[in-house]
Amino acid sequence: MATKKREPRSRSGTPARRQEIVRAATEIFGSKGYKAGPLTEIAEQVGMTHAGILHHFGSKHQLLLEVLSYRDESDVAELDGKHIPDGTDLFRHLVRTAFANAQRAGIVQAYAVLSAESVTDNHPARSYFEGRYHQLRGEVAHAFEVMCAERGVAAPATIAHASASILAVMDGLQVQWLLDPGDVQLGEASAFAIEAIVAAVLDPRESPL
């Protein structure tokens, strides 16, 4: 008589445990970088072994991708459909995100460190950041086009430059804020820059320079 195959027992608390590991990895990768941030230190922080971390994620590379996914999800956690809006609402969302980032230094630090590291040879997050920036530039450019159409303004050829500039300003201000949070107001400075770039697209004027 054939013995009925035993179904594997579910691991209670596994999703919460994985999230705890991801949060610890975010902190370690943010403070030490991906290559210098050891799995053993992440394991110690959550009371596990190195093998325990690999049991949950398989590899350090996969854990890195989970950290980046965690960061992305935190950006849209409060939005309907968990996706950034379009048109004017996208720029308002970017401003709100900057103010929110001022309250979550750990995630901002991890993003700043990993994005800078990703330009180095053979970094496992390079393709992620290449794809992310390509997608974000496209979404911001489309939001500009929608905004111009809504206001009856001909979309200028500078939209591509404006889209890249908004992302660059936001990321650059994050670095300045991380280095000197007492002197740089991340939300306010980001709002000023985003509003200035949007105004330049909607109402282009002769350059003062």
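Work out, step by step, the length gained on full extension between ALA168 and ASP121: first 0.36 nm times the residue separation, then minus their alpha carbon distance; give nm to one decimal.
Difference between extended and current length: 14.8 nm.
Helices in the chain, meaning DSSP H runs of at least 4 residues, each add -39500 (n - 2.57). Divided by all residues, the mean residue ellipticity at 222 nm is -22500 deg cm²/dmol.
Look at the Cα gyration tensor of the stretch 128-200: its axes a ≥ b ≥ c give a/c of at least 1.5 with a/b at or below b/c, and that counts as oblate.
Efficiency by 1/(1 + (r/R0)^6): what FRET value for PHE99 and THR14, r their Cβ-Cβ distance, R0 = 30 Å, to the nearest 0.05?
Values: r = 34 Å, r/R0 = 1.12.
According to the calculation, E is roughly 0.35.
At a Förster distance of 25 Å, what's the computed FRET efficiency of GLN185 paired with LYS35, Cβ-Cβ distance as r, to 0.05?
Details: r = 32 Å, r/R0 = 1.29.
Efficiency, from the Cβ-Cβ distance: 0.20.
Computed FRET efficiency, Cβ-Cβ of VAL76 and ALA196, R0 41 Å: what is it to the nearest 0.05? Calculated transfer efficiency: 0.95.
A simple charge model with +1 on the Cβ of Lys and Arg, -1 on the Cβ of Asp and Glu and nothing else charged puts the dipole of the stretch 13-69 at about 100 debye relative to its Cα centre.
Principal-axis analysis of the Cα atoms of the chain puts helix 159-179 at an angle of about 60° to the longest axis.
Each value in this text was obtained by applying a stated rule to the coordinates, not by laboratory testing. None of the values given here were measured: they were computed from a predicted structure. Cβ coordinates were reconstructed from backbone atoms using ideal geometry, including for glycine residues, and neighbour counts include every protein chain displayed.
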